[in-house]
Amino acid sequence: MKEIAEKVLDTWLRMTTIINNNKLTRDIPLNEALILRLLIENEDKDYTMTDLCQKTMTLKSQMNKTLANMEKKGLIYKERSKDDKRQVFVRMKKEARPLFDAQHEKIIGLVLKVIDDVGYEHVKTLIEVFEKVAKAASKEIYSA
């Protein structure tokens, strides 16, 4: 059983490395892309730094650094809540959308090529397995 666990870990790390490859995420690093994706997919939701930490499973210290870098690049801005002055929401600047979209299309292009190489039915099965693995890993990590 340990041998299969090692193979799973090796494959998982290779996939993570491929996804986080600087050639794919040159303009927007992975953590920044995850944040922008959340902001884009939920434009009507107000996200605080704490919300983003929870959604991306990122430490607060890392999130601080990431958001500071994103502000310097002009990708996001922070806006104080009108209702509760203690809350600060993270907003995406309109100028960030084309940059995100270009990088996203590049990655989707790679995924489409992989689907062609591997086959649609295998990829459908892979998605189901990934969902189960992510759920099980999340359960183990966050219930401990």
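The values are calculated or read from the model by the stated rules, or taken from the named source; none is laboratory data. Fair warning: this is a prediction, and the values are worked out from it, not measured in the lab. Positions of Cβ are generated from backbone atoms using ideal geometry, with glycine treated the same way; all protein chains shown enter the neighbour counts.
Of the numbered criteria (1) touching a Gly at 6+ places or on another chain (Cβ under 8 Å); (2) exposed (fewer than 12 other Cβ atoms within 10 Å of the Cβ), the one Ala134 fails is (1). For Lys85, the test of being under 19 Å from Asn42 (Cβ atoms), outside any strand (DSSP E or B) and without any contact (Cβ under 8 Å) to a residue 12 or more places away in the chain is failed. If the condition is being assigned to a loop (DSSP other than H, G, I, E, B) and either modelled with pLDDT of 85 or more or touching a Ser or Thr at 6+ places or on another chain (Cβ under 6 Å) (or both), then the stretch 1-48 contributes Met1, Ile28, Pro29, Asn42, Glu43, Asp44, Lys45, Asp46.
Residues in the stretch 126-135 include none that are more than 16 Å from the chain's Cα centre (by Cα), over 23 Å from Leu13 (Cβ atoms) and of a type in the set (A, V, I, L, M, F, W, C).
When Leu110, Leu67, Leu52, Leu99 are screened for being surrounded by 10 or more Cβ atoms within 10 Å (Cβ to Cβ), over 16 Å from the mean Cα position of the chain (by Cα) and touching a residue at least 24 places away in the same chain (Cβ under 8 Å), only Leu110 passes.
Here is a yes/no grid of residues against (1) farther than 25 Å from Cys53 by Cα; (2) modelled with pLDDT under 90:
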position	(1), (2)
Lys94	no, no
Lys106	yes, yes
Lys113	yes, no
Asp116	yes, no
Thr125	yes, no
Ile141	no, yes
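Within the stretch 31-45, residues that are surrounded by 12 or more Cβ atoms within 10 Å (Cβ to Cβ) have Cβ atoms under 8 Å from residues that are part of a helix (DSSP H, G or I) and of a type in the set (Phe, Trp, Tyr) in these pairs: Ala33/Phe100; Leu36/Phe100; Arg37/Phe100; Ile40/Phe100, counting only partners at least 6 apart in sequence or on another chain.
A residue that is under 22 Å from Ala134 (Cα atoms) and basic (Lys, Arg) can be found somewhere in the stretch 10-26.
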